[in-house]
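To keep things clear, I will list the structure first and then write my remarks on it.
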Amino acid sequence: MGIKLQSKIKRAIRFRAVKLLKKRTAIEAKAAEYRKKFSKRTGLPAGLPKPKTYPVLDNQFEPIYCLKRSSQIARGIWRSSLRKKYTAKAALLHRIPKPGALQKREIMEFSVPDAAFATVLNNLLLKRNLKRFSGNPFAYRPDRNQFDAIINLKQYLRSDKIFVIQFDFKNYFDTIPHAYIKRLLDNYGIISISEAEKRVIDAFLIHKFATRKKYILGSFSQKKEIGTPQGSSVSLFLANLANDALAKRIEGVNGQFVRYADDVVAIANTYEDAIKIEQCFHEHCNDTGLEINFEKSDGIRLLSQKAQNEISTIQKFKFLGYDFSQKGCAISDKAIEKIKSKISRLIQIYLIQYVHKHNFNHNRTLPSSSLPFFDWDLMGLVSEIRNYLYGGCSEDLIYSLLSEGKRIPPMRGLMSFYALVDSKDELMTLDGWMVNTLRCALNKRRLIFSGKYSVIYPRFSNKSLILGSWYDPAWNKTKFIPDPRLPSFVRGWRAAQKYYLTFGLSEAAPPPYSGY
């Protein structure tokens, strides 16, 4: 580890400290914004919350302390790592509920310097060993992302007969044995790593931890002998390292293997090859100590539009928020549920929640049987949905791309991620669902206004919502010109596809992996 490492650690400490401070500021700003919105929408004063406190567990958890002493701390970490005496401070244990599960996922929050050092080490090891790893894992790599995994899998679904092999590892990150990890780290035939770096990884593997209550009391537990240090970037490198052998095993079979984090799928064109791939999973478990979660694993299935008697048959399978079939790619059913839930929640907040529970602001909403009519809450909702679907692009930008092929800022919204969808049918259904749901909510809003406030609120047609013709610009006395047109899943998808085909996916940003 050269002296340049010290500078890298210092920069990483400062970057993480600033990031944490920005996060705290963002939380406080979000609370302030909520109070502002409450007052705007109701015309009532919002109460002040209790001051937010951040109890000090250890100075190295405090971003301001680490910013001021970044040079000194970086020098200490660098020297201790050179002497192979680096020790990670006890981590703070958080238990996060798993979606749709009773169990909770344990995540470790490391001190600012430890987390920064882990990031530096992960980047160094990954860059040095990238070409040694199989090309089939797509997570935690600087050269690949979710789009690459989806495209890679999609191109292998053109055969008439496809066998899909899907196995779910039981608590993958929590159950990788340390003995197996250390065996891999000692094998210089598969990895390039120094003894000092191995000692640092070992320090993260055996780190102490405690819940907040026990941390304050100084009562720490020792890390178990299995599992990667979740919450540390070192875990990302170790996860790829631990599963690399499986990917290389399957590469020796006539089939294709795609892995993103612990989401794994393999496909083959013959049943014999599918059996060989299944055997690769079992051999990997025998070698590593990992276990397959058979309750969540489907094993071998035939992908076909027609049912077969001799083997389990499926018409589609899910991977990374997409449904894959011989017809192509579509948004998965689970993702559609989440999308509908997100938009329904926005509609509830903007149109129903405040007027139902509190009051409405006459300066923002002018319900009247005579013109001009304006509802800033409805306009705000339309804008929020547009930002969700288009990632900040306006309707005018979307139309300019579609009609004239003009280059627009990189698309970052939901439909940017679903640019690889092959058919617009389900998107048309989503458009219909959205406008009908919005109109029903506005009918409910109208009943609240007439029943609770004895004022007239107009009716809306689907056409007026889609075109934005409900908005009367005569009401607007400001220089700001809002766009009342309802955004569209189909329009966003068409724009995302054209952007992808014209400019490539390199500038498009997928949502967080857990999002869909």
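Data overview
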item	result
The one condition in (1) open to solvent by less than 10 Å² (accessible area, probe 1.4 Å); (2) without any contact (Cβ under 8 Å) to a residue 12 or more places away in the chain that LYS224 fails to fulfil	(1)
Residue within the range 81-95 that is touching a Phe, Trp or Tyr at 6+ places or on another chain (Cβ under 8 Å) and open to solvent by 20 Å² or more (accessible area, probe 1.4 Å) present	yes
Qualifying residue in the range 336-345 (condition: over 23 Å from the mean Cα position of the chain (by Cα) and either aromatic (Phe, Trp, Tyr) or surrounded by 16 or more Cβ atoms within 10 Å (Cβ to Cβ) (or both))	no
Per-region count, the range 108-119, residues outside any loop (DSSP other than H, G, I, E, B) and surrounded by 21 or more Cβ atoms within 10 Å (Cβ to Cβ)	8
Filter result (open to solvent by less than 90 Å² (accessible area, probe 1.4 Å), in contact with a helix residue (DSSP H, G or I) (Cβ under 7 Å, 6 or more places away or on another chain) and of a type outside the set (A, V, I, L, M)) within the range 1-37	GLN6, LYS8, LYS10, ARG16
LEU371 vs. criteria at pLDDT below 85 and in contact with a strand residue (DSSP E or B) (Cβ under 6 Å, 6 or more places away or on another chain)	no
The range 145-162, residues that are surrounded by fewer than 17 Cβ atoms within 10 Å (Cβ to Cβ) and assigned to a loop (DSSP other than H, G, I, E, B)	GLN155, TYR156, ARG158, SER159, ASP160, LYS161
Residue match in the range 159-166 (condition: out of contact with any helix residue (DSSP H, G or I) (no Cβ under 8 Å at 6 or more places or on another chain), modelled with pLDDT under 85 and hydrophobic (A, V, I, L, M, F, W, C))	no
Among (1) at pLDDT below 85; (2) among the aromatic types (Phe, Trp, Tyr); (3) more than 26 Å from the chain's Cα centre (by Cα), the one test that PHE257 misses	(3)
Elements of type helices (runs of 4 or more DSSP H) contained in the range 408-489, each with 3 or more residues being surrounded by fewer than 13 Cβ atoms within 10 Å (Cβ to Cβ) and in contact with a Cys (Cβ under 6 Å, 6 or more places away or on another chain)	none
Search result, residues across the range 40-72 that are closer than 16 Å to ARG364 by Cβ and open to solvent by less than 40 Å² (accessible area, probe 1.4 Å)	ARG41, THR42, ALA46
Residue identified as part of a loop (DSSP other than H, G, I, E, B), of a type in the set (A, V, I, L, M, F, W, C) and either at pLDDT below 85 or within 30 Å of SER7 (Cβ to Cβ) (or both) among LEU124, LEU102, LEU130, LEU92	LEU102
Any chance LEU378 is surrounded by 21 or more Cβ atoms within 10 Å (Cβ to Cβ), of a type outside the set (Lys, Arg), in contact (Cβ under 8 Å) with a residue 24 or more places away in the chain and in a helix (DSSP H, G or I)	yes
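Conditions (1) of a type in the set (A, V, I, L, M, F, W, C); (2) open to solvent by 10 Å² or more (accessible area, probe 1.4 Å); (3) closer than 14 Å to ASP174 by Cα, marked per residue:
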position: THR228; (1), (2), (3): no, no, yes
position: PHE237; (1), (2), (3): yes, no, no
position: VAL253; (1), (2), (3): yes, yes, no
position: ALA261; (1), (2), (3): yes, no, yes
position: THR270; (1), (2), (3): no, yes, no
position: ALA274; (1), (2), (3): yes, no, no
position: GLU291; (1), (2), (3): no, yes, yes
position: PHE294; (1), (2), (3): yes, yes, no
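The values are calculated or read from the model by the stated rules, or taken from the named source; none is laboratory data. All of these numbers come straight from a predicted model, not from anything done at the bench. No Cβ is skipped: glycine too gets one built from the backbone with ideal geometry, and neighbour counts run over all protein chains shown. Surface accessibility is based on the protein's heavy atoms, side chains included, excluding ligands, DNA and RNA. Shrake-Rupley method; radii C 1.70, N 1.55, O 1.52, S 1.80 Å.
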